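Laboratory data are not the source of any read-out in this text; all were calculated from the coordinates shown. Not measured: the values here are computed from a predicted model. Note that each Cβ is placed from the backbone with ideal geometry, even for glycine, and that neighbours are counted across all protein chains shown.
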Amino acid sequence: MLKIRLTRVGAKKQPSYRLVVAEARWSRDGRVVDRLGHYDPRTAPPTFEYDEEKTLDWIRKGAQPTDPVLRMLKSKGTMDKVKPA
């Protein structure tokens, strides 16, 4: 099963994250299928930039966002554009 999740990058005690599509069984910072964007919680307000069309395409193909990613996508209004099943 494919998941849309955050992968940690950045130095020690200075986290930033990439929004990626990866197999659910793969490690958090391991292989990825596709990179969709990035998230930086250290800025004020936190920066969340991503390719909305690519993200919607992966969701339509069956990729499931994790809970933190789902909250971010809902706050940006992306999940409103997904057709209910």
Every residue from region 6-25 that is out of contact with any Phe, Trp or Tyr (no Cβ under 9 Å at 6 or more places or on another chain) and of a type in the set (D, E, K, R):
K12, K13, E23, R25
So which residues in region 46-65 are under 23 Å from R25 (Cα atoms) and without any contact (Cβ under 8 Å) to a residue 40 or more places away in the chain?
K54, L56, D57, R60
Residue pairs within 9 Å by beta carbon, gap of at least six or interchain, first lying in region 28-45 and without any contact (Cβ under 8 Å) to a residue 40 or more places away in the chain and small (G, A, S), second part of a loop (DSSP other than H, G, I, E, B) and surrounded by 10 or more Cβ atoms within 10 Å (Cβ to Cβ), listed first then second, are G37/D51
Considering residues of region 35-71 that are of a type outside the set (A, V, I, L, M, F, W, C) and touching a Lys or Arg at 6+ places or on another chain (Cβ under 7 Å) only, the residue farthest from K3 (Cα to Cα)
H38
Identify, please: which residue in region 8-31 is of a type in the set (V, I, T) and within 14 Å of T66 (Cβ to Cβ) and is, among those, nearest to the chain's Cα centre (by Cα)?
V20
